[in-house]
Amino acid sequence: MRPDFWERFRERFNIPIINELYGATNGLGAMLNPNAGPFTASCIGLRGLLMNYIFSKFEARVKVDMDSEEIVRDEKGFTIRCGVNDPGQVLYKVTPQIAAIAPQYYKNDYATHYRRISNVFEKGDM
């Protein structure tokens, strides 16, 4: 929800907690913002330092060129992590075990392969 509507929406409809969810049917994860006040209004996937540390082994927020919508890479060809409030995209680590059960495009191996990004932080990772 747009930040300028967040608190007005809460007040108008008397909603104590706004649960905002971001996810995709063909994705590997989701982000939830269970918001109960102005501190976390319009945050995306806010979960605190401990949870961020635990999930940092399996996911990364990386920079994206907002015009081309392509992931930004450094001079070595690896992605660049986003800072707080930087626009970007969340990538989830795909191990061979996850690749076997991960969502795929129906009868379109090219699209499935294209959406899996390699060389994210080290050569050969996905």
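With the condition kept exactly as written, say whether any residue in the range 92-105 is closer than 30 Å to residue 7 by Cα and surrounded by 15 or more Cβ atoms within 10 Å (Cβ to Cβ). No; the residues of the range 92-105 include none that is closer than 30 Å to residue 7 by Cα and surrounded by 15 or more Cβ atoms within 10 Å (Cβ to Cβ).
Of note, residue 24 does not satisfy the criterion of being small (Gly, Ala, Ser), closer than 22 Å to residue 116 by Cα and touching a helix residue (DSSP H, G or I) at 6+ places or on another chain (Cβ under 9 Å).
Which residue out of 75, 122 is at pLDDT below 85 and more than 18 Å from the chain's Cα centre (by Cα)? Show your work before the answer.
Details: 75 fails: at pLDDT below 85.
122 is the lone residue from the list that is at pLDDT below 85 and more than 18 Å from the chain's Cα centre (by Cα).
Residue 86 falls short on exactly one of the conditions (1) farther than 20 Å from residue 124 by Cα; (2) in contact (Cβ under 8 Å) with a residue 60 or more places away in the chain; (3) not hydrophobic (A, V, I, L, M, F, W, C), and that condition is (2).
Which of the residues that make up the range 106-126 are touching a Gly at 6+ places or on another chain (Cβ under 9 Å) and surrounded by 14 or more Cβ atoms within 10 Å (Cβ to Cβ)?
Just the residues of the range 106-126 that are touching a Gly at 6+ places or on another chain (Cβ under 9 Å), to begin with: 118-119, 123.
The one that is touching a Gly at 6+ places or on another chain (Cβ under 9 Å) and surrounded by 14 or more Cβ atoms within 10 Å (Cβ to Cβ): 119.
When 41, 30, 36 are screened for being modelled with pLDDT of 80 or more and either assigned by TED's automatic domain parsing to the domain that holds residue 2 or aromatic (Phe, Trp, Tyr) (or both), only 36 passes. When the range 18-51 is filtered for residues that are among the β-branched types (Val, Ile, Thr) and in contact with a Lys or Arg (Cβ under 9 Å, 6 or more places away or on another chain), only 18 remains.
Rundown of residues vs (1) farther than 20 Å from residue 86 by Cβ; (2) in contact with a Pro (Cβ under 7 Å, 6 or more places away or on another chain), yes/no style:
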{"site": "10", "(1), (2)": "yes, no"}
{"site": "14", "(1), (2)": "yes, no"}
{"site": "17", "(1), (2)": "yes, yes"}
{"site": "22", "(1), (2)": "no, no"}
{"site": "26", "(1), (2)": "yes, yes"}
{"site": "38", "(1), (2)": "yes, no"}
{"site": "43", "(1), (2)": "no, no"}
{"site": "56", "(1), (2)": "no, no"}
{"site": "63", "(1), (2)": "no, no"}
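Would you confirm, using the coordinates I've provided, whether residue 80 is touching a residue at least 12 places away in the same chain (Cβ under 8 Å), among the β-branched types (Val, Ile, Thr) and either under 19 Å from residue 25 (Cβ atoms) or surrounded by fewer than 11 Cβ atoms within 10 Å (Cβ to Cβ) (or both)? Taking the combined requirement at face value, the residue does not satisfy it. Got at least one residue in the range 13-21 being closer than 24 Å to residue 103 by Cβ, without any contact (Cβ under 8 Å) to a residue 24 or more places away in the chain, outside the structural domain of residue 88 (by TED's automatic domain parsing) and within 13 Å of the chain's Cα centre (by Cα)? Looking for residues that are closer than 24 Å to residue 103 by Cβ, without any contact (Cβ under 8 Å) to a residue 24 or more places away in the chain, outside the structural domain of residue 88 (by TED's automatic domain parsing) and within 13 Å of the chain's Cα centre (by Cα), one finds at least one in the range 13-21, hence yes.
The values are calculated or read from the model by the stated rules, or taken from the named source; none is laboratory data. Bear in mind that the values here come from a model prediction, so they are computed numbers and not experimental data. Note that each Cβ is placed from the backbone with ideal geometry, even for glycine, and that neighbours are counted across all protein chains shown.
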